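Since the structure comes first, as structure tokens, the remarks are kept for the end.
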Amino acid sequence: MVVRASQSSHNLGVNTTNRLSANNSYAETSQEQSSIQILNETSTELLSENQWNVAFITMSIIEIFILFRNSALAVILAIAASIAYVKYQNSPIGKAAAAKRELEALQRAEEAKQERLRQEEQKRILIEEAQSQAKLLTTTLAHTALNEFKKVNARLRRGVNSMDFLGVITPAKFATQKFERSKDYNVCPYLSDLISKNMLYYEIAQECFQQKVAHKPLDSQFKAILQADFPELKGLFISFGSDLVLNKIWQKAYHYSAEIEKILESSDNLSD
């Protein structure tokens, strides 16, 4: 009985050891397979959208170089790149990237909308405050300046050459200077700023005309104003005397004139 018990105990130990070894082996195999699967998934996920785009662009550049030597190979590369990119777009990562781009575009659109609404509300408050202050004007000097601005704008719409432009804006300049020297200049700061800016843009346009005709360098102060007020012109290799710049200046002047008129609508019964 002792021998049998000993043998049974020995067999139990051997079987237990074998089962543990088998379990460990299975666990290691499963862990190895799991690690390989995770590695594969991770490797796929590492191919980010930017990496796919870079790869596609690189393939396109290589194709351009090959095109001059072997057009058939270039066509094959183009087809292969297109298939690879379409496959990427239809993959879970590609679809996730597309969804992310769409979400970001919606967020940017919403932010732009909110910013536009904020600016419109801010402008509305400024206009209403200026309209209230404009009722305190004691002369029609601001109205005179506006009338001269309207004449300039009407002439610009019909067309004006560089030789006549100075004569066209001179009456507006005199009217603006007369308003700026009056006591009304301090009554409504926003209105006064608009009138001064409107005239300033006519003067900048005159300088741009001079650059266009006589190739005269634009005043550094005027150049800084244009670069600050028209950020869309940055990086463009254009002359400040170009028709594009002149048209943008005149559009800005039209906008200022419209705001001035809206503010002055609230003031009446004035005399010089």
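Quick look at the values:
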quantity: Single residue of segment 229-254 satisfying the filter (modelled with pLDDT of 75 or more and of a type in the set (D, E, K, R)) that is surrounded by the fewest Cβ atoms within 10 Å (Cβ to Cβ); calculated: E232
quantity: Residue among S192, S82, S196, S132 that is closer than 18 Å to Y254 by Cβ and either under 30 Å from the mean Cα position of the chain (by Cα) or assigned to a helix (DSSP H, G or I) (or both); calculated: S196
quantity: Members of segment 159-184 found to be within 19 Å of K212 (Cβ to Cβ) and part of a helix (DSSP H, G or I), listed by number; calculated: S162, M163, D164, F165, L166, G167, V168, I169
quantity: Test: Y201 is assigned to a helix (DSSP H, G or I), of a type in the set (S, T, Y) and within 27 Å of the chain's Cα centre (by Cα); calculated: yes
quantity: Single condition F209 does not satisfy, out of (1) surrounded by fewer than 17 Cβ atoms within 10 Å (Cβ to Cβ); (2) among the hydrophobic types (A, V, I, L, M, F, W, C); (3) over 29 Å from the mean Cα position of the chain (by Cα); (4) at pLDDT below 85; calculated: (1)
quantity: I76 over 30 Å from K262 (Cβ atoms) and surrounded by 10 or more Cβ atoms within 10 Å (Cβ to Cβ); calculated: yes
quantity: Qualifying residue in segment 158-167 (condition: surrounded by 15 or more Cβ atoms within 10 Å (Cβ to Cβ) and among the basic types (K, R)); calculated: no
quantity: Residue in segment 111-122 that is under 21 Å from Q251 (Cα atoms) and open to solvent by less than 40 Å² (accessible area, probe 1.4 Å) present; calculated: no
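The values are calculated or read from the model by the stated rules, or taken from the named source; none is laboratory data. Note that the structure is a prediction, hence the values are computed from the model and not measured. Positions of Cβ are backbone-derived with ideal geometry, glycine not excepted, and every protein chain shown enters the neighbour counts. These accessible areas exclude ligands, DNA and RNA; they are computed on the full protein's heavy atoms, side chains included. Shrake-Rupley method; radii C 1.70, N 1.55, O 1.52, S 1.80 Å.
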